[in-house]
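Novice: The structure follows.
Read the figures in this text as sums done on the coordinates, not as results from a lab. Nothing here was measured: the structure is a model prediction, and the numbers come from that model. Quick reminder, even Gly has a Cβ in these numbers, built from the backbone with ideal geometry, and neighbours come from all protein chains shown.
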Amino acid sequence: MRQQLYFLCTGNSCRSQMAEGFARTLAPSDWTIASAGVETHGLNPLAVQVMAEVGVDVSQHTSKLIDDTYLNNSSVVVTLCGDARDKCPMTPPTVDRRHWPLPDPAQATGSQAEVLAAFRQVRDAVKRRVIQLIHELEAQAR
């Protein structure tokens, strides 16, 4: 069954971009996948770096604002931060809304190694959740 997924975060710079990258790589090819933000903060270069480390290229992604038409026609909308969950526009009851409360790696402090470690932890958590979501949606379609 064809799915349309939408990953939302505050600035569409890290977490939602990672989720979009993993879903585009791991989901069936007939699924439509996008990400957006309540605001646009630009693509975080550290998100690009840690995704490249696991073979997922998000370097051509751009930070986008929420598209109401895409949102309302999505099968599943996943918010990856409380701000996006709270500010996300209303959706029809047919849209399955989920929330993954993941920390913002862009807020990490410390040495470059510590900041990169925070990005990698979030990346790995996003990947696990995307895989779980894909398996769940495929099982429902059977």
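Novice: Identify which of VAL76, VAL122, VAL54 has the largest mean-square fluctuation in a Gaussian network model of the chain, with springs joining Cα atoms closer than 10 Å.
Specialist: Taking springs between Cα atoms under 10 Å, the residue moving most is VAL54.
Novice: A further question on this structure: Determine ³J(HN,Hα), in whole Hz, for all residues of the stretch 49-57 in sequence, where each value follows from phi through the Karplus function 6.51 cos²θ - 1.76 cosθ + 1.60 and θ = phi - 60°; x replaces Gly and Pro.
Specialist: After applying 6.51 cos²θ - 1.76 cosθ + 1.60, I find 4, 6, 5, 4, 4, 10, x, 10, 8 Hz.
Novice: For the stretch 112-129, take each phi angle, set θ = phi - 60°, evaluate the Karplus expression 6.51 cos²θ - 1.76 cosθ + 1.60, and give the result in whole Hz per residue in order, putting x for glycine and proline.
Specialist: These are the phi-based 3J(HN,Hα) values: 4, 5, 5, 5, 4, 4, 5, 4, 5, 4, 5, 4, 5, 5, 4, 4, 4, 5 Hz.
Novice: Then there is this: Quick check for me: using +1 on Lys/Arg Cβ and -1 on Asp/Glu Cβ, what's the dipole size of the stretch 1-59 about its Cα centre, in debye to the nearest 20?
Specialist: 120 debye
Novice: Compute the distance in nm between two label points, each set 7 Å from the Cα along the Cα-to-Cβ direction, one at ALA139 and one at SER111.
Specialist: 4.2 nm
Novice: With labels modelled as points extended 7 Å from the Cα through the Cβ direction, what inter-label distance (nm, one decimal) is found for ASP67 paired with ILE131?
Specialist: In this crude spin-label approximation the distance works out to 3.0 nm.
Novice: Related question: Distance from the Cα centre of the stretch 62-101 to that of the stretch 1-46, in angstrom?
Specialist: 11 Å
Novice: Identify which of SER29, SER63, SER16 has the largest mean-square fluctuation in a Gaussian network model of the chain, with springs joining Cα atoms closer than 10 Å.
Specialist: In the Gaussian network model the winner is SER29.
Novice: In whole Hz, with x marking every Gly and Pro, tabulate ³J(HN,Hα) for the stretch 30-43 from phi via Karplus 6.51 cos²θ - 1.76 cosθ + 1.60, θ = phi - 60°.
Specialist: Each residue of the stretch 30-43 in turn: 8, 7, 9, 9, 8, 9, 6, x, 5, 9, 10, 10, x, 6 Hz.
Novice: Right, here's the next one. If Rh is defined by the Kirkwood formula over all Cα pairs and Rg also comes from Cα, what ratio Rg/Rh do you get for the chain?
Specialist: When Rh is taken as the Kirkwood radius, the ratio is 0.95.
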